[in-house]
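*Asks:* Please find one structure pasted underneath; my questions will follow.
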Amino acid sequence: MKKFGLIILLVTLFATTYAQTADEVVNKFVEASGGKEKLNSIKTLQYKQHIKLNLPMGSFDVPLQYFKEKDKFFRLQSSVAFGGQNMNFFTLVTDTAGYTFIPPNPFNGNEGGIEKISDKALKGLQYQTDPAGLFAPLVDYAAKGNKVELLKDDKVNKEDCYKLKLTTSTGQETTFLINKNTNLVARVDAKGEMAANNSGMGGMMSGLGGRMDKMEVKIEYTNYTDVDGLKFPTKALIKSNISDSQSEITDIQINKEIASKWYKAQ
């Protein structure tokens, strides 16, 4: 009986230490990124991302614009020149509803138009209304209903990294690799919907007839810069099961007013 009690005690101590270690890694990341207070002080976040997308059918320039207002609003605006025409896409998410717009596509017969996002899908997208940096789900993760598990260390470009698996309150999973020297995110791994969300290419790929459930990405983040005392990556290499694409993140604006037109489902 005593032996059994000792085993239970050891298991409990191990689990506690494991959770504390995961928290320590997250805390290191948060401090390196600018600190919890500054990250949580972000009310609005706007930035652009330009992707050089390489697909079997050819290479495309994909400009993206991101808009976030804390717990209220998220919009991803994107476009791509395809088949001699410019195709625009958007995803709009609020605290109560969501909409997506896909243009007509004569290549797959999609008539396009604005569609309301289902309640289930909306819940899976609302985490994107969080503007606490590019990796907001890690900031105050427990308070947001997220869970973090520390996995076995890994490497990104031969540099040692901590590896964390984050599960959102809606059950979606993302893996973060955090550089041990800088304590900043070196890579994000995801599959399915989270791969589409993290890469920014979900709406566009869906409009072009792609299957999001089969998508897998490993996104390497580099060239961190200081914006109002916070660290943001400015380059990202998106490695997917389709191809590798370079991207650049620019025009990062913190706590600046978002133009009213972006709040409209149009």
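*Asks:* Being touching a residue at least 24 places away in the same chain (Cβ under 8 Å), out of contact with any strand residue (DSSP E or B) (no Cβ under 6 Å at 6 or more places or on another chain) and outside any helix (DSSP H, G or I) is true for just one of 145, 124, 171. Which residue is that? Full working, then the answer.
*Replies:* Values: 124 fails: outside any helix (DSSP H, G or I); 171 fails: touching a residue at least 24 places away in the same chain (Cβ under 8 Å).
Step by step, each of 145, 124, 171 is checked, and only 145 is touching a residue at least 24 places away in the same chain (Cβ under 8 Å), out of contact with any strand residue (DSSP E or B) (no Cβ under 6 Å at 6 or more places or on another chain) and outside any helix (DSSP H, G or I).
*Asks:* Another question about this same structure. So is residue 120 at pLDDT below 95 and not hydrophobic (A, V, I, L, M, F, W, C) or not?
*Replies:* Details: at pLDDT below 95: yes; not hydrophobic (A, V, I, L, M, F, W, C): yes.
Answer is yes for this residue.
*Asks:* Being under 20 Å from residue 39 (Cα atoms) and in contact (Cβ under 8 Å) with a residue 40 or more places away in the chain is the filter; apply it to the range 181-195 and report the residue that is surrounded by the fewest Cβ atoms within 10 Å (Cβ to Cβ).
*Replies:* Going through the qualifying residues, I end up with 182.
*Asks:* What residue, among those in the range 240-266 that are touching an Asp or Glu at 6+ places or on another chain (Cβ under 7 Å) and part of a strand (DSSP E or B), is farthest from residue 78 (Cα to Cα)? Quick ask: steps written out before the conclusion?
*Replies:* Of the residues in the range 240-266, the ones touching an Asp or Glu at 6+ places or on another chain (Cβ under 7 Å) are 240-241, 254, 258.
Okay, now just the ones that are also part of a strand (DSSP E or B), so 240, 254.
On the way: 240: 19, 254: 20 Å.
Here the residue is 254.
*Asks:* Another question, if that's okay. Considering only the range 57-71, state which residues are closer than 22 Å to residue 245 by Cβ and not β-branched (Val, Ile, Thr). I'd like the intermediate steps shown before the answer.
*Replies:* Filtering the range 57-71 down to residues closer than 22 Å to residue 245 by Cβ leaves 57-66.
Within the range 57-71, 57, 58, 59, 60, 61, 63, 64, 65, 66 meet the criteria.
*Asks:* A further question follows. Which one is surrounded by the most Cβ atoms within 10 Å (Cβ to Cβ), of the residues in the range 223-251 that are polar (S, T, N, Q) and without any contact (Cβ under 8 Å) to a residue 40 or more places away in the chain?
*Replies:* First pass over the range 223-251, keeping only residues polar (S, T, N, Q): 223, 225, 234, 240-241, 243, 245-247, 250.
Narrowing further to those that are without any contact (Cβ under 8 Å) to a residue 40 or more places away in the chain: 223, 225, 234, 241.
Details: 223: 11, 225: 12, 234: 17, 241: 11.
The extreme case among them is 234.
The values are calculated or read from the model by the stated rules, or taken from the named source; none is laboratory data. Predicted, not measured: the structure shown is a model, and the values here were computed from it. Cβ coordinates were reconstructed from backbone atoms using ideal geometry, including for glycine residues, and neighbour counts include every protein chain displayed.
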